[in-house]
Structures are given as C-alpha cells and as structure tokens.
1. Quickly work out the Trp140-to-Thr317 label distance, labels modelled 7 Å from Cα along the C-beta direction, and quote it in nm with one decimal.
2. Take peptides 242-250, 318-326 and line them up by average Cβ neighbours within 10 Å, highest first, as a rough protection proxy.
3. Going down the table (Lys128/Lys270; Lys84/Lys122; Lys56/Lys227; Lys85/Lys135; Lys131/Lys195; Lys143/Lys176), which pairs top 32 Å between alpha carbons?
4. Under a 5 Å amide H to amide H cut-off, with H placed in plane at 1.01 Å, what residues pair with Phe308 once short-range neighbours are removed?
5. Provide the per-residue ³J(HN,Hα) series for region 263-272, in order, calculated from phi with Karplus coefficients 6.51, -1.76, 1.60 and θ = phi - 60°, each as a whole number of Hz, with x at glycine and proline positions.
Amino acid sequence: GCQGDIGLNGLGQQPLSLATDILQITRYSRGNTGMSLKPGLHKLLLLPTFFLHISKEYLDAIKKFYQTSVESVDFANAPEESRKKINSWVESQTNEKIKNLIPEGTTGSNTTLVLVNAIYFKGQWEKKFNKEDTKEEKFWPNKNTYKSIQMMRQYTSFHFASLEDVQARVLEIPYKGKDLSMIVLLPNEIDGLQKLEEKLTAEKLMEWTSLQNMRETPVDLHLPRFKVEESYDLKDTLRTMGMVDIFNGDADLSGMTGSRGLVLSGVLHKAFVEVTEEGAEAAAATTVVPLGSSPTSTNEEFHCNHPFLFFIRQNKTNSILFYGRFSSP
C-alpha cells in the first residue's frame with residue numbers, strides 16, 4: 001500500500017467525527033468532567049459508540065442530539081465476541097473499507113467503555129477523470145528514488161494559487177455538488193514537504209485557499225490514484241489536551257449508566273480515504289478539455305509526482321473533514 005498518513009497530523013484541530021464522539025460522553029458526565037477538555041473540538045457524528053448498560057436517558061439523548069444509536073456489548077463475559085461484533089459493525093458501515101478497527105488484545109474482561117470512531121471517504125468528482133487517460137508515471141519519494149504509479153490526468157479549469165512565500169502551489173478539486181472539495185498542497189521541490197509542513201497552520205491554510213487568493217485557471221493536473229488509511233489510539237493525545245479524569249476513574253459518568261466507576265479504556269480512531277477516477281458524469285456544458293488538446297505554455301502544470309498534502313474540506317463551513325500526507329506509493 002501507499003505510505004502516508006491521514007487524520008491527526010499537522011493543523012492542531014481534531015477530526016470533526018472524533019470530536020462529536022467526545023461530546024457524546026462529556027454531555028452526560030457529572031461535575032467538571034467535561035470542563036477538563038481544552039477548547040478546540042468541533043462537531044459532527046459519523047459512527048456511534050458502544051457502551052455497557054446504558055441508561056434510557058442517555059439513549060434518548062444520543063438519538064435526539066446526534067441522530068444515532070448506542071449498543072451494549074458484554075466485555076466482562078465475552079470480550080472477544082464483543083470485539084468482533086464491533087469490528088463487524090464498523091466494516092459494514094464503511095462498505096468493508098475499514099476492517100479490524102479494534103485489534104486482538106486491545107480489549108478484555110475488565111473493559112467497560114471503549115470509544116470507537118471510523119470514518120471513510122470516497123467521493124465523486126464534479127469533473128471525473130477519464131480512466132483511459134490514467135498512465136503509469138514516475139513518483140519521486142525523494143530526489144534519489146522513484147517508483148512507478150498509476151497517475152490520473154485531467155486538463156481543465158481549477159481554482160489555483162502559487163504560494164511564493166512557502167515555495168508551493170495549491171489546487172482545489174471539487175466533488176459532485178461542490179459541497180466538498182479536495183485541496184492539494186504541492187511543494188515546488190521534490191524534498192520540500194517538511195519545510196511546507198513546518199509553516200502550515202489552520203489560519204495559513206484558510207488564507208491560501210480563500211477565494212481572494214485563488215483564481216480559476218486552466219491546469220494540466222496529474223494526480224496519483226491512491227488510498228490511504230491510518231489507525232490511532234488517542235488516549236495520550238486526549239490526555240495532552242487535558243482530558244485526564246475519564247481515563248483514571250475520577251470522572252463521574254453516572255449520567256450515562258446510572259452508577260459511578262465507569263472508566264474509558266481506549267479511544268480508537270481509523271480513517272480511510274480513496275482517490276480514483278470516478279466522478280459525476282461529464283455534462284455537455286462542462287469545460288473538460290480532451291488531453292489531445294495540448295496545454296499551452298500560459299497554463300499551469302500541477303503534477304503530483306512527489307510528496308504532497310491533501311485536505312477534504314466542507315466548503316460552506318470551511319471545515320477540514322480529513323487531512324493527510326501522500327509520501328510514497
């Protein structure tokens with residue numbers, strides 16, 4: 001598979017789906033349990049969480065506020081069966097893209113509460129890539145090495161900007177309906193990714209991708225066909241953010257179960273993104289130019305043949321749903 005990662009790197013803000021899972025717990029904590037979490041989390045629920053012996057009040061609230069359900073599993077008497085049940089459910093909810101979310105040995109008979117979050121994305125492009133134009137090309141993980149990769153190609157108009165201050169270029173590739181877009185940050189140099197990441201902040205990304213900064217221009221785009229998945233155990237991350245009590249038994253989660261003593265055993269997050277040629281069928285009025293029409297010297301080249309960053313953005317709210325790094329096939 002490809003080398004890269006996705007989800008929790010870089011911008012200092014957590015994926016929205018994970019954040020809402022945290023809200024599911026803290027909403028029904030007692031005392032100051034919820035207040036110990038530092039600001040910076042957002043909202044969006046994608047997959048529910050599995051608990052043991054849940055109060056009706058909590059079940060009703062989860063359904064009302066997060067439009068999801070909660071299921072009890074018996075870790076005490078059947079830990080392995082419970083693990084497999086959760087994994088099977090996650091696999092079915094993600095079209096079999098995310099498998100074995102909870103690895104063997106992660107849970108046991110002393111497990112009482114596990115927070116699981118799985119998020120996968122495969123969107124349809126607004127202007128699809130023609131599969132016949134996908135060709136094998138060289139991808140350079142570094143200046144001294146190249147690997148062969150299936151490179152999708154398209155010559156059409158995109159929102160584009162050249163970022164001279166960080167020696168990079170940025171491109172927006174809209175998905176069907178234009179509610180979501182993939183943002184690609186490509187260093188000018190093969191080995192320029194580290195310097196770009198060092199200068200990247202959420203504020204900078206918003207500035208670079210703003211309508212004021214980008215212009216629509218014909219672009220000769222070469223983008224690898226790839227999929228990236230990444231798993232995280234987020235206990236240490238959440239502790240760093242100030243969420244401590246919930247892991248050591250000091251948190252009062254009686255609003256969820258009716259009794260105290262509930263401890264969060266683990267926080268497991270897995271993300272999966274797949275990028276292929278598939279997209280909306282090209283309508284008669286689209287501006288896709290056949291590759292036979294040679295790009296002119298006045299148009300931009302955006303050849304993703306070395307390590308780059310990608311982001312999937314919800315355009316209305318300017319929220320980043322996924323972000324990741326593609327570093328090698």
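Read-outs: derived from the displayed coordinates by stated rules, not from any lab. Values in this document were obtained by computation on a predicted structure and should not be read as measured data. As a convention, Cβ positions derive from the backbone with ideal geometry for all residues, glycine included, and neighbour counts pool all protein chains shown.
1. A separation of 4.0 nm, rounded to one decimal place.
2. 318-326, 242-250
3. Lys56/Lys227; Lys85/Lys135; Lys131/Lys195; Lys143/Lys176
4. Those lying under 5 Å, H to H, from Phe308 are Phe326.
5. 10, 7, 7, x, 10, 10, 10, 9, 10, 9
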